[in-house]
1. When the residues of the stretch 246-283 are narrowed to those that are aromatic (Phe, Trp, Tyr) and more than 22 Å from the chain's Cα centre (by Cα), which ends up nearest to residue 106 (Cα to Cα)?
2. Taking residue 165 as the residue in question, decide whether it is crowded, with 16+ Cβ neighbours inside 10 Å and either modelled with pLDDT of 95 or more or at positive phi (or both).
3. If residue 55 satisfies all but one of (1) under 30 Å from residue 242 (Cβ atoms); (2) more than 21 Å from the chain's Cα centre (by Cα), what's the number of the condition it fails?
4. Suppose we keep only residues that are aromatic (Phe, Trp, Tyr) and out of contact with any Leu (no Cβ under 6 Å at 6 or more places or on another chain) within the stretch 5-61. Which one would you say is nearest to residue 203 (Cα to Cα)?
5. Is the stretch 284-300 home to any residue that is under 20 Å from residue 104 (Cβ atoms), of a type outside the set (Asp, Glu) and at pLDDT 95 or above?
6. Does at least one position in the stretch 186-202 carry a residue that is over 20 Å from residue 156 (Cα atoms) and assigned by TED's automatic domain parsing to the domain that holds residue 156?
7. Quick check on the stretch 31-48. Is at least one of its residues assigned to a loop (DSSP other than H, G, I, E, B), touching a residue at least 40 places away in the same chain (Cβ under 8 Å), assigned by TED's automatic domain parsing to the domain that holds residue 133 and over 24 Å from residue 126 (Cα atoms)?
8. When the residues of the stretch 1-31 are filtered to those that are polar (S, T, N, Q) and in contact with a Phe, Trp or Tyr (Cβ under 8 Å, 6 or more places away or on another chain), which remaining residue is farthest from residue 87 (Cα to Cα)?
Amino acid sequence: MTRCALPPGIQVLERGWLSANNVLLFDGPEATLVDSGYVSHAAQTVALIRDALDGRRLERLINTHSHSDHIGCNAAVQRAFACRIGVPAGMAEMVEHWDEAALLLSVAAQQGERFRADHLITAGERLYMGGLEWQALPAPGHDMDALLFHAPDARLLISGDALWRDGFGILFAEVIGSGGGLEGARATLEAIARLPVDRVIPGHGAPFVEVDEALEAAFARLKAFEDDGARMARNAIRACMTFMLLEQRRMDLDTLPAYLAEVPLYREANRRFLGLTPEALAAWLVGELERAGVAVRQGHELHST
């Protein structure tokens, strides 16, 4: 992958897959942060941001979307730096009332600390960050209320989980049955393809310049999901269980079938697309995680590698 040089006013703190990347954009003595990471990494996130700020003041934190690995440290960052928090307008009610189902926290058995949004960001709004003017654009699909941020003069895109170098984030709306995820993802990818973009800062992974290749891979994955809903469901189950193991480090294999039957995301994905017994789903999942090298059985436990 070709190294992606960014403008001098932008620094990306590339994180592991449990936390989204932190994007810092500097304007003189002030800075803006895009996305905060997962709650269990809060102390590390605050330390990384403090070091990168190097005496600057963190004026605001904005989120690309509402998932736990992007908003989980919002409260900790606000406590540490007294910054304002801005979220996509579609998140307003779920954040105000801390609706853990709408935020997918209870749905996916994930965590997040409650925070207060100080202002809302609407699609079409223009923001000045890192010496550049950015436009907030709708990015439904992975999250139906998500936004991405495009700086046309720099031909630069902050894509959140709408586009990665090798695909995009789970289409939760399709997997759990609320619908619109496939259509939203296609509309988002088509919109990105029309933008003047030479460089992308994704929510996960390193910034990249292979924009055409990334879009080609994303469209191919989307077509596969459109053709085979079971493939989409299996991808979601594998990814979310990998996330859980990264957080918890281990799981009792004897309790795994009951866990998969209780957590709404796994239960609904299985019910709608796979039709397996909890025991059969657990056996398939353990085999998949072992083959992928992300987990290993040790006695009666499954351990993250």
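1. The selected residue is 259.
2. The answer is yes for residue 165.
3. Of (1) under 30 Å from residue 242 (Cβ atoms); (2) more than 21 Å from the chain's Cα centre (by Cα), only one is false for residue 55: (1).
4. The extreme case among them is 17.
5. Yes, that holds for at least one residue.
6. yes
7. yes
8. 2
The values are calculated or read from the model by the stated rules, or taken from the named source; none is laboratory data. What you are looking at is a predicted structure, and each value in this text was computed from that prediction instead of being measured. Don't worry about glycine lacking a Cβ; one is built from the backbone with ideal geometry, like all the others, and counts go over all protein chains shown.
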